[in-house]
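Enquirer: This is the structure, below, for whatever I ask next.
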Amino acid sequence: MHKKTSPTFLTLLALTASLLGSTVPASADEGTLNIYSYRQAFLIKPLIKAFEDETNISVKIIFSKKGLLQRLIAEGENSPADVILTADINRMAEFETEGLLQSVDSDILRSNIPAQYRDPDGRWFGLTMRARAVYAHKTRVASGELTTYEDLAKPHMKGRVCTRSGKHPYNISLLASVIAARGSEHAETWLRGLKDNLARRPQGNDRAQVKAIYQGECDVSLGNSYYFGKMLTNEKKPEQKQWAAAVNIVFPNQGDRGTHVNVSAAGIVKSSKHVKQAQQLLEFLASPKTQALFAAVNFEYPLKSGVKLHPIVSSWGSFKADDTNLSKIVENHDEATRMMDRVKFDH
Ligand code: FE
C-alpha cells in the first residue's frame, strides 16, 4: 500500500531526526527484518547470526538502552521496526500499553513458552527467565533464618538488609507481585517493614549490594539470580568473585507461592511489514537449541521445559517460581510505584 507523504509525517520525521540526532530511514529495506532491542548486543548477536544462517532472512538490529519506545511512537506507521526485544517485562508492558504490538497466533510459541510467561492475547512472549532472589551472607545468616520475602520485614532483620532503589523496575515488579499475592494493605505493611530494616539508603545496583554484604555493611540483599553467575565468573573485575563467594543465593517462598520471577521478552510491532519472518524469529528464539544458548550466555533460565541449564545455574538447585501470570503483575506496576513513593522508600 502506498501512502502520500503528509506534512504531519514530514514534521514528525524532522522531530524524530532531531530527537535521535540521526537520520531516520525513509522506509524499511525490502526483505530485511528490523529489530529494536533493549537487550544487549553480546546476548543477541550470536543468536541472530544463527537465525540468518538457518533461514536466509537478513536482519538489522538497533540496540539501545533507552528511547526505543519514543522512537517507535515518533516513526508511527512508517517505522521499519518489526520485532521488539526487551530485557524485562516492565519495558515490554510499555509497548503493549501504547498499543504498538500485535497478537501472534503460534502453536510453537504456545507450546514452548508456559502460559504464565506470555501475554494471554499473544502480544508478547517471555524468552528467558530470572529470579528476584535474596543473597545471604554465608555465616552471618543462619540457614532457615530467611526463607521468604516476608522475613525481610521481620524484626530479626533490623539493620541487616541492603537493596537498590525501590523505583528500579526489578523492585517495582517484586512489590507488584506481593500486591498480586497478598493484597495492597499487606504489601504496604511489608514494604514499610522492609524499609525499616534497611542497613542504608537504597543505592547502587544489584551487585553493589553483594559487595556491601562482603564488606560487612549488611547481611542480606535483593538481587536478580543471573548476577550471581556473572559475579562468580567475572574475569575483568575479579573482586566480584570474592563478593559472590561471601554469599548464598536463596530462592524465597518455596513453601508457598514461590519466588518472584521476571522475563526478557519479544513482541511483534503492529505496523510490521514482515510479520511472517518476525514470527519465524520468535519461534526460533523459543526453540530448544536457541533457548539453551540464550539462557546460558547470561546465566538465566530457559522457558522451554527440558532445556539444559548452564552448569553454574544448575548448581544453585531447582526452585519453585511464583506462577502468577506476569500480565497480572504488570497490572500492579502503577500501584507499586505509588506505594514506593508513599512510604518514601528511597529516603
Ligand atoms: Fe539486570
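The values are calculated or read from the model by the stated rules, or taken from the named source; none is laboratory data. Everything numeric here is computed off the predicted structure, so don't read it as measured data. Every residue, glycine among them, receives a Cβ derived from its backbone with ideal geometry; neighbour counts consider all protein chains shown.
Enquirer: Given the residues Q254, Q277, which is the only one that is touching a helix residue (DSSP H, G or I) at 6+ places or on another chain (Cβ under 9 Å) and of a type outside the set (V, I, T)? Show your work before the answer.
Expert: Details: Q254 fails: touching a helix residue (DSSP H, G or I) at 6+ places or on another chain (Cβ under 9 Å).
When all the criteria are applied, what remains is Q277.
Enquirer: Could you list, in sequence order, the residues of the stretch 194-224 that are β-branched (V, I, T) and assigned to a helix (DSSP H, G or I)?
Expert: V210, I213
Enquirer: Just the residues that are within 24 Å of G306 (Cβ to Cβ), crowded, with 18+ Cβ neighbours inside 10 Å and of a type in the set (K, R), please, taken from the stretch 100-131.
Expert: R118, R130
Enquirer: Are any of the residues in the stretch 87-107 in contact with a Leu (Cβ under 9 Å, 6 or more places away or on another chain) and under 13 Å from L285 (Cβ atoms)?
Expert: Yes, some residue in the stretch 87-107 is in contact with a Leu (Cβ under 9 Å, 6 or more places away or on another chain) and under 13 Å from L285 (Cβ atoms).
Enquirer: Taking D219, is it among the charged types (D, E, K, R) and in contact with a His (Cβ under 7 Å, 6 or more places away or on another chain)?
Expert: Judged against the criteria, D219 is a match.
Enquirer: Whether any residue in the stretch 176-187 is in the same structural domain as A292 (by TED's automatic domain parsing), more than 17 Å from the chain's Cα centre (by Cα) and either within 14 Å of V220 (Cα to Cα) or basic (K, R) (or both) is what I want to check.
Expert: The answer is no; no qualifying residue exists.
Enquirer: Scan the stretch 166-193 for residues that are part of a loop (DSSP other than H, G, I, E, B) and either surrounded by fewer than 17 Cβ atoms within 10 Å (Cβ to Cβ) or in contact with a Leu (Cβ under 9 Å, 6 or more places away or on another chain) (or both) and jot them down.
Expert: Across the stretch 166-193, the qualifying residues are G166, K167, G183.
Enquirer: Working only within the stretch 202-258, note down all residues that are closer than 22 Å to A321 by Cα, among the polar types (S, T, N, Q) and within 16 Å of the ligand (Cβ to nearest atom).
Expert: S221, N224, S225
Enquirer: If you take just the helices (runs of 4 or more DSSP H) that sit entirely in the stretch 46-130, which of them hold at least 3 residues that are within 16 Å of the ligand (Cβ to nearest atom) and at pLDDT 95 or above?
Expert: none
Enquirer: Still on this model: Taking only pairs six or more apart or across chains, which ones have beta-carbon atoms under 8 Å, a first residue in the stretch 220-233 that is touching a residue at least 12 places away in the same chain (Cβ under 8 Å), and a second residue that is in a strand (DSSP E or B) and near the ligand (Cβ under 10 Å from one of its atoms)?
Expert: N224/R130; N224/N262; S225/R130; Y226/R130
Enquirer: Here's another thing I want to ask about it. For W243, all conditions in the list (1) of a type in the set (F, W, Y); (2) more than 26 Å from T147 (Cα to Cα); (3) modelled with pLDDT of 95 or more hold save one; what is the number of the exception?
Expert: That leaves (2) as the condition not met.
Enquirer: Another question, then. Residues that are crowded, with 23+ Cβ neighbours inside 10 Å: list the helices (runs of 4 or more DSSP H) wholly contained in the stretch 235-301 that include at least 3 such residues.
Expert: 275-285, 288-297
Enquirer: What are the residues in the stretch 141-185 that are in contact with a Gly (Cβ under 7 Å, 6 or more places away or on another chain) and within 16 Å of the ligand (Cβ to nearest atom), if any?
Expert: R164
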